[in-house]
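Notes for the one structure printed next.
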Amino acid sequence: MKLWGGRFSKSTEKLVDEFNASIYFDKKLYSHDIRGSIAHTKMLGKCNIISEDESLTIIKGLKGILEDIEKGSIEFKVEYEDIHMNIEKILTDRIGDVGKKLHTARSRNDQVAVDMRLYLKEEILNICGLLKNLLVNLLEISKSNVDTIMPGYTHLQRAQPITLAYHLMAYFQMFKRDYLRLTDCLDRMDFLPLGAGALAGTTYDTDRAFIAEELGFKGICENSLDAISDRDFIIEFLSCSSTIMMHLSRFCEELIIWNSREFDFIEMDDSFSTGSSIMPQKKNPDVAELIRGKTGRIYGNLFNILTIMKSLPLAYNKDMQEDKPLLFDTVENIKPCLDIFSKMIATMKIKKINMKDATKTGFMNATDVADYLVKNGLPFRSAHEVVGKMVLYCLKNNKNIEDLTLEEFKSFSSFFKDDINRKVEIESCIESKVSQGSTSTNSVLLMIEKSKNFIQSLQ
Ligand code: ARG
């Protein structure tokens, strides 16, 4: 008979059992479920809701089940629907009627909510660890590329010269925010829903603060109706995950382009590339492409949960069972993405000469020439026009700005002085960016220093 079978005069259709069950996927929560049950049972004993002996017997039983699940000797049954009732049923089969006291002062609604929070808190820490590894690798690569000059782009058109370290440190900022967003999300979900009962609280004089402490929550959910109904923590996590994937995807896209013959800025290591079944010469950046592709799936998961939760009346509805596959899928995909991405960038070959060569065409110093004129007294808009004309002249005569003679410069404007040829060199264009947070070496070294301190501040 079902654990809830008392008021039923017929057994459920097998079809319904199979449809209704979540054990296929929520078995993943077994350890969190047992942890939650042990803390709950301790509280029941401590508050004299059950006897101390009963509490100890139940806890011993639960620990035995945990060991056996880990050994692989337990088979869950669809008939018992989910991980919560499977464990409760196994417990009662093993220790007898006292097992039936486990579910005193709780419901599956607060039980599943606590399981999910315990699971996610743990996984967020794992993901933060992977993000930290990525930050460390980014910092290392940046340190050895402070003087690697490359084109900076807007509209994927050569725009202004920058350094690779500067480019990578931009990603550092993005992943740093991702890290902080996750810790913030963790902080907000760190409240215990257990003890909320089905929705209204319970009639027992429980000690929820005790359970919170046992399970490592910093507090308890204040309103039990909210405790049961809330899946914001999953939505927030998925939103953080989507942003992480968006960042990874942008980065992957750049690496794929840089790895192409057309750009030839980097070469992915053989150990992070794949071949073609037909074209013998091919070496493809599949790993980066797959991470970019998986971004779609994580976004999908976010939309999935947002749509599930939309319009649900308070409190629990069975729709919410569907939160699990999408959450597990997100966690199981984002972790390898972060891990493999960090390792991939640590092994890629950076073709410094090609990067620098690419700054030689495309008039990347044009803005610097305009700024030069401004410093010598010409209003910016006029300087913009002068340099525009110079670019046109260079295009017609197949020259770069730095190839122009002093006479040619002076023919465009009397504001050009004898030092202009030196000022238009790509290196000086980079070093002349004196504003805070710019691409100049000093500024990037400062970023690197600050970033090192940030990493050290993480436990
Ligand atoms: N398997 C259910 C879920 O994952 C557990 C909660 C069931 N609660 C209920 N009132 N049917 O959502």
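Among Ile353, Ile334, which is farther than 30 Å from Leu225 by Cβ and open to solvent by 50 Å² or more (accessible area, probe 1.4 Å)? Checking each option against the conditions leaves just Ile353. Residue count for the stretch 161-190 satisfying the condition of being part of a strand (DSSP E or B) and either free of Cβ contacts under 8 Å to residues at least 40 places away in the same chain or in contact with an Asp or Glu (Cβ under 8 Å, 6 or more places away or on another chain) (or both): 1. The residue of the stretch 50-69 that is farthest from the ligand (Cβ to nearest atom), among those that are within 35 Å of the chain's Cα centre (by Cα) and touching a residue at least 12 places away in the same chain (Cβ under 8 Å), is Lys63.
Summed over the stretch 91-115, residues that are within 16 Å of the ligand (Cβ to nearest atom), part of a helix (DSSP H, G or I) and either out of contact with any helix residue (DSSP H, G or I) (no Cβ under 7 Å at 6 or more places or on another chain) or of a type in the set (Val, Ile, Thr) (or both) total 2.
Just checking, does the stretch 137-154 include any residue being open to solvent by less than 10 Å² (accessible area, probe 1.4 Å) and within 20 Å of Arg35 (Cβ to Cβ)? No, the stretch 137-154 contains no residue that is open to solvent by less than 10 Å² (accessible area, probe 1.4 Å) and within 20 Å of Arg35 (Cβ to Cβ). I'd like to know if the stretch 116-126 contains one or more residues that are open to solvent by 30 Å² or more (accessible area, probe 1.4 Å), within 16 Å of the ligand (Cβ to nearest atom) and in contact (Cβ under 8 Å) with a residue 12 or more places away in the chain. The answer is no, given that none of the residues of the stretch 116-126 is open to solvent by 30 Å² or more (accessible area, probe 1.4 Å), within 16 Å of the ligand (Cβ to nearest atom) and in contact (Cβ under 8 Å) with a residue 12 or more places away in the chain. Can you tell me how many residues in the stretch 339-373 are more than 20 Å from Ala159 (Cβ to Cβ) and free of Cβ contacts under 8 Å to residues at least 24 places away in the same chain? Number satisfying all stated conditions: 1. Taking the stretch 300-309 as the range and being more than 13 Å from Asp232 (Cβ to Cβ) and not hydroxyl-bearing (Ser, Thr, Tyr) as the test, the residues that pass are Gly300, Asn301, Phe303, Asn304.
The values are calculated or read from the model by the stated rules, or taken from the named source; none is laboratory data. Note that the structure is a prediction, hence the values are computed from the model and not measured. Cβ sites come from the backbone with ideal geometry, for glycine too, and all protein chains shown count toward neighbours. These accessible areas exclude ligands, DNA and RNA; they are computed on the full protein's heavy atoms, side chains included. Shrake-Rupley method; radii C 1.70, N 1.55, O 1.52, S 1.80 Å.
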